[in-house]
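Working notes, structure below.
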Amino acid sequence: MEPFDLNALKIQQELNVESIAAWTTSMFVVELPEHDVLKEDLLPYAYQVRQSANCAIESQVAVSAKHKLFESTLNFLESDAQGVGELKQLLEELVTAAAEQVNSGVIEEGQGLNASIVESWCHITENGGYHDAHSHPNCSWCGIYYLDAGDCELNSRSGVNRFYDPRNCANQYHDAGTQYLDATGVWDFVPQSGQVVIFPSYLKHSALPYFGEKDRVVIAFNCVVDAC
């Protein structure tokens, strides 16, 4: 019997290699062109909310996971203060567009989606403040609007939002073939004022210790999505 010639077989056959991106995690980053106008109203309102608060973590959610920051109650975007309603509508439209994009292959033809913010809060983080790793239950999509990113920067990881690889066993073995997984298992997002980052609720994330003279001010929100 003649030896098996794999190279000859490859020449004889047309190979059709398809790359399959299974179980990907979609995230979105948007820069709001209306940011300067929104900030004029919303930044003073955030400090007004803190001024009238009875404690640092008004939400009373995971108090021990937060240090040197203020967190409002979970209805920040329900106010009739100037600019709040406009921002809420804009964020809901962004999440709707994101949800429609990632679900485009499974929703019925002609069906639309509609995102509604069910919880929203502001964070005012001072020098040395941080928020431990966590995820957001009871919603499908989450977002963070960076009202004032303060002195966040990548080299020292000051105030960055760190997102953690949701694939539990992805880091169980490393060799040259797994370099694309990134051995650290994290992705660091550097906040910039005026940006909104949108991500699925299962994605664990944290706000690393922030060091700066200015406050780091964000508005975070959770959404549910209905078919329409």
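Listed values, structure above:
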{"read-out": "Karplus (6.51, -1.76, 1.60) ³J(HN,Hα), θ = phi - 60°, over segment 19-24, in Hz, Gly and Pro reported as x", "value": "8, 10, 8, 8, 6, 7"}
{"read-out": "Cβ-derived FRET efficiency at R0 22 Å, Val224 paired with Gln89, nearest 0.05", "value": "0.85"}
{"read-out": "Ala65-His174 pseudo-label distance in nm [points 7 Å out on the Cα-to-Cβ vector]", "value": "2.6"}
{"read-out": "Segment 151-228 and segment 42-89: distance between their alpha carbon centers, rounded to Å", "value": "21"}
{"read-out": "Segment 77-228 - percent relative contact order, Cα under 8 Å, separation 6 or more", "value": "40"}
{"read-out": "Long-range amide H partners of His67 with built H, under 5 Å", "value": "Tyr130"}
{"read-out": "Nearest-ten-degree value, helix 84-102 long axis tilted from longest Cα axis of the chain", "value": "10"}
{"read-out": "On Cα atoms only, tilt of 35-51 relative to the major axis of the chain in degrees", "value": "60"}
{"read-out": "Residues with amide H under 5 Å from that of Ser193, placed H, sequence gap 5 or more", "value": "Ala149"}
{"read-out": "Highest to lowest packing among 31-37, 103-109, 155-161, scored as the average C-beta count within 10 Å", "value": "155-161, 31-37, 103-109"}
{"read-out": "Other-chain or far-sequence residues with amide H under 5 Å of Glu153's (modelled H)", "value": "Ser158, Val160"}
{"read-out": "Vicinal HN-Hα couplings computed from phi for segment 184-193 (Karplus, 6.51 cos²θ - 1.76 cosθ + 1.60; Hz; Gly/Pro x)", "value": "6, x, 9, 9, 9, 10, 8, x, 10, 4"}
{"read-out": "Burial order of peptide ranges 67-74, 144-151, 133-140, 201-208 (average beta-carbon count within 10 Å, highest first)", "value": "144-151, 67-74, 201-208, 133-140"}
{"read-out": "Only Lys, Arg (+1) and Asp, Glu (-1) charged, at Cβ; the chain dipole about Cα centre in debye", "value": "780"}
{"read-out": "Hz values of 3J(HN,Hα) by residue in segment 142-154 - Karplus curve (6.51, -1.76, 1.60), Gly and Pro given as x", "value": "10, x, 10, 9, 8, 5, 8, 6, x, 10, 4, 7, 7"}
{"read-out": "At R0 = 22 Å, FRET efficiency that the Cβ-Cβ distance of Asn138 and Glu100 yields, to 0.05", "value": "0.55"}
{"read-out": "Net lengthening on full extension, Ala21/Val186 (0.36 nm per residue, minus Cα-Cα)", "value": "57.5 nm"}
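Read-outs throughout are calculated quantities, based only on the coordinates presented, and are distinct from any laboratory measurement. No experiment lies behind these values; they were computed from the predicted model shown. A quick note on method: Cβ atoms are made from the backbone with ideal geometry, for glycine too, and the neighbour counts reach across all protein chains shown.
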